[in-house]
Structure formats: C-alpha cells, structure tokens
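Engineer: I'd like to ask you about the structure that follows.
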Amino acid sequence: MRLVPRYLTSGALAAIGSIHVAWGFGSSFPFRTHTELAETVIGSEVVPSAAACHAVAVALFVASGLVADLPVGPRPLRRVGRVVVAGVLAARGVVGLCGRTDLLSPGSTATRFRTLDRRFYSPLCLILAVCAVR
C-alpha cells in the first residue's frame, strides 16, 4: 500500500510526458487551438518548439522511471534521483504559488495561466513532489 502514491505519481508523470510528445508533434490537445494551448499551459502567446516539448517529455519519462524505481542503475542512485525529482517538482510548485513561474519559464505571464497555475498546476506539482518520495 505504501508504494501506491509513488506508482500513481509515476503514471501521472508519464501521462504528462505523453502529452508533451503530442504537443511536440503539433497537437493542441486538449485545446482547440495552439493559441489557447499556449495561453493556458505555457502562459505565453507561442507554443514552444518541438524540440523543447520533446526535451520536457524525456525529462518527465526519466522522472517517471525514477519515481517507479525501475531497476536501472544502483538503488542508492535511484533514491537520489527520486529526491531530485521531488525537489524540482516542489520548487516548481512553490514558485508557481508565489505567482512567479516566469522566473523558471520566462514569458509565462498570461493572466489565464497565472490563475490556473496558482489554482491547479502548482498544487499538483507539490502533491507529486510529496508522493515521489513516499
């Protein structure tokens, strides 16, 4: 039962990574337009490049594997990796709750994004951070 939060977190990170892959290939899912996607998820007027979307996806897939404790590399290194993942997610959550996501992602200033960031994205990052190391 103790591993359930970690596995759910791993699945969530992989799902978010999959969405980034789709965005990298030009999808605007789950939005109708790329403009709506950019304003809502990135907080800017432009969707990042395919390479940027795929780089984020790779980072999320690696994070997912670390959180799931996939047997790649020595166990102590995987443990450190989980702590790093949790730290990055916690930092993102705290910065977002303070309304300063633009410090980590320059240009993330759209009003709609800031509202959603404080209400949903940042709390989700904090929940994922806690569950990543449980």
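Quick note: the coordinates plus some simple rules give every number you see, no bench work behind them. Note that the structure is predicted; figures quoted are calculated from it, not measured. FYI the Cβ positions are ideal-geometry reconstructions off the backbone, even for glycines, and counts take in every protein chain you see.
Engineer: Given the C-alpha centroids of the range 97-134 and the range 12-82, what is the distance between them in whole angstrom?
Structural biologist: Between the Cα centre of the range 97-134 and that of the range 12-82, the gap is 15 Å.
Engineer: At 0.36 nm per residue, and after removing the present C-alpha to C-alpha distance, how many nm does the segment from Val83 to Asp69 gain when stretched out fully?
Structural biologist: Details: separation 14, 0.36 × 14 = 5.04 nm, distance 1.17 nm.
Additional length available on full extension: 3.9 nm.
Engineer: Continuing with the same structure: As I understand it, the dipole of the range 4-132 uses +1 on the Cβ of Lys and Arg and -1 on the Cβ of Asp and Glu, about the Cα centre. Which of Ala57, Thr40, Leu97 lies farthest toward its positive end?
Structural biologist: Checking the options against the dipole of the range 4-132, the answer is Leu97.
Engineer: Taking the alpha carbon gyration tensor of the chain, what are the square roots of 5 times its eigenvalues, largest first, to the nearest whole Å? Don't skip to the answer; put the middle values down first.
Structural biologist: Working: eigenvalues 139, 58, 30 Å².
That gives 26, 17, 12 Å for the three semi-axes.
Engineer: Give me the dipole magnitude in Debye, nearest 20, for the range 4-132 about the Cα centre, with unit charges on the beta carbon: positive for Lys and Arg, negative for Asp and Glu. Walk me through the numbers before you get to the answer.
Structural biologist: Numbers: 12 positive and 6 negative charges, 92 e Å.
It comes to approximately 440 debye.
Engineer: Right, another one. Express in nm, to one decimal, how much length is gained between Leu3 and Ser28 on full extension, taking 0.36 nm for each residue of separation and deducting their alpha carbon distance. Don't jump to the answer; show the numbers that get you there.
Structural biologist: Details: separation 25, 0.36 × 25 = 9.00 nm, distance 3.34 nm.
Taking 0.36 nm per residue and subtracting the Cα distance, the gain is 5.7 nm.
Engineer: With the crude spin-label approximation of a point 7 Å out along Cα→Cβ, what separation in nm comes out for Arg118 versus Leu103?
Structural biologist: Here the modelled spin labels are 1.6 nm apart.
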